[in-house]
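Asks: Here it is, the structure, as structure tokens.
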Amino acid sequence: MSVPNPICVALDTPDVGRATALASALKPHVGYLKIGVEFFYANGRAGYEAVAETGLPIFLDLKLHDIPNTVASALRGLMEFDPVPAIINVHATGGRDMMKAAAEAVGGRSKLIAVTILTSLSDDDLWSVGFEIARDTQSHARNLAELAANAGLDGVVCSPHDIVGIKHATRAGFITVVPGIRPAETGAQDQKRIATPEAALTAGADILVIGRAITGAADPALAARKIHEQLNAG
């Protein structure tokens, strides 16, 4: 998937006014906006459509994870939004049948991607929740990405550390949407597997999800513009 600007800003706020103000200010400097559960649970469809009015493509990050019929029904409802999300996601650990049902429900109207391993989880965290067979986050993420590709999904959400293995294991054009992006001058915060925007793009990331490094800056538009300029320079 070719995008002119790979930056996707996470609007992690429950406040519609702040979200729409950020969206308008950031529009010249980013390629996507991400609406997650914090915003969506507070504001629902009306809040989503208020942000979407800015004209930027929306990644609706709800991470659906349930039995196949429930996920498919939820996605059919989300496909009634105006405009439909450019990208929407499910959890790959919901399994092949759930992902196939999700793909059928979306019917190509949005890019459907699957979350592999959250960037807040380490190898030890995987073991602690029972994924002993996975051995490590990279191999587990790669296995889940292959499962998502075989179920007909368009891509995955993955750590910057998992991109190369996933790209080798999946077909050409399979999208990697990558959170855990931190400019060199910012801290890891609650993420464990992170990378700079330049390193993630070099590894093959298609879309870079960046939140607080932009939205928490004194001038979010300037912060986004600087990151984009650095990517272009690289």
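The values are calculated or read from the model by the stated rules, or taken from the named source; none is laboratory data. What you are looking at is a predicted structure, and each value in this text was computed from that prediction instead of being measured. Methodologically, a virtual Cβ is constructed for each residue, glycine included, from the backbone with ideal geometry; neighbour enumeration extends over all protein chains shown. Surface accessibility is based on the protein's heavy atoms, side chains included, excluding ligands, DNA and RNA. Shrake-Rupley method; radii C 1.70, N 1.55, O 1.52, S 1.80 Å.
Asks: Tell me the residue from THR176, THR170 that is free of Cβ contacts under 8 Å to residues at least 40 places away in the same chain and closer than 20 Å to ALA10 by Cα, please.
Replies: THR176
Asks: Still on this structure: Can you name the number of the only condition in (1) surrounded by 20 or more Cβ atoms within 10 Å (Cβ to Cβ); (2) at pLDDT 95 or above; (3) part of a helix (DSSP H, G or I) that LEU147 fails?
Replies: (1)
Asks: While we're on this one: In the stretch 107-130, how many residues are modelled with pLDDT of 95 or more and either part of a strand (DSSP E or B) or surrounded by 23 or more Cβ atoms within 10 Å (Cβ to Cβ) (or both)?
Replies: The total comes to 6.
Asks: Here is a check on your reading of the model: is PRO85 open to solvent by 10 Å² or more (accessible area, probe 1.4 Å) and outside any helix (DSSP H, G or I)?
Replies: Judged against the criteria, PRO85 is not a match.
Asks: Can you find, within the stretch 202-219, the residue that is modelled with the lowest pLDDT among those that are open to solvent by 50 Å² or more (accessible area, probe 1.4 Å) and either closer than 19 Å to LEU118 by Cα or hydroxyl-bearing (Ser, Thr, Tyr) (or both)?
Replies: ARG212
Asks: Tell me, please, whether a residue that is hydrophobic (A, V, I, L, M, F, W, C), in a loop (DSSP other than H, G, I, E, B) and over 19 Å from LEU147 (Cβ atoms) can be found in the stretch 54-68. If you could, list the steps in order and put the result at the bottom.
Replies: Residues of the stretch 54-68 that are hydrophobic (A, V, I, L, M, F, W, C), as a first pass: 56, 58-60, 62, 64, 67.
Checking which are in a loop (DSSP other than H, G, I, E, B) leaves us with 56, 67.
Now restrict to residues that are over 19 Å from LEU147 (Cβ atoms): 56.
Yes, there is a match, as at least one residue in the stretch 54-68 is hydrophobic (A, V, I, L, M, F, W, C), in a loop (DSSP other than H, G, I, E, B) and over 19 Å from LEU147 (Cβ atoms).
Asks: Take the residues of the stretch 150-176 that are polar (S, T, N, Q) and at pLDDT 95 or above: which is surrounded by the fewest Cβ atoms within 10 Å (Cβ to Cβ)? Can you show your working first?
Replies: Residues of the stretch 150-176 that are polar (S, T, N, Q), as a first pass: 150, 159, 170, 176.
Checking which are at pLDDT 95 or above leaves us with 150, 170, 176.
Values: ASN150: 13, THR170: 20, THR176: 27.
By that ranking, first place goes to ASN150.
Asks: Another one. Could you list, in sequence order, all residues of the stretch 22-43 that are under 15 Å from GLY55 (Cβ atoms) and out of contact with any Asp or Glu (no Cβ under 7 Å at 6 or more places or on another chain)? Outline the logic, then answer.
Replies: Applying the first criterion (under 15 Å from GLY55 (Cβ atoms)) to the stretch 22-43 yields 22-33, 35.
Of everything in the stretch 22-43, those that are under 15 Å from GLY55 (Cβ atoms) and out of contact with any Asp or Glu (no Cβ under 7 Å at 6 or more places or on another chain) turn out to be LEU22, ALA23, SER24, ALA25, LEU26, LYS27, PRO28, HIS29, VAL30, GLY31, TYR32, LEU33.
Asks: Among the residues of the stretch 27-48, how many are in contact (Cβ under 8 Å) with a residue 24 or more places away in the chain, surrounded by 14 or more Cβ atoms within 10 Å (Cβ to Cβ), under 18 Å from the mean Cα position of the chain (by Cα) and in a helix (DSSP H, G or I)?
Replies: The number of residues fulfilling the criteria is 3.
Asks: For the stretch 49-81, name all the residues that are crowded, with 18+ Cβ neighbours inside 10 Å and acidic (Asp, Glu).
Replies: ASP61
Asks: Can we say THR93 is under 18 Å from GLY36 (Cα atoms), modelled with pLDDT under 95 and either open to solvent by 60 Å² or more (accessible area, probe 1.4 Å) or not small (Gly, Ala, Ser) (or both)?
Replies: no
Asks: Filter the stretch 147-174 down to the residues that are under 24 Å from GLY108 (Cα atoms) and among the polar types (S, T, N, Q) and list them by number.
Replies: ASN150, THR170
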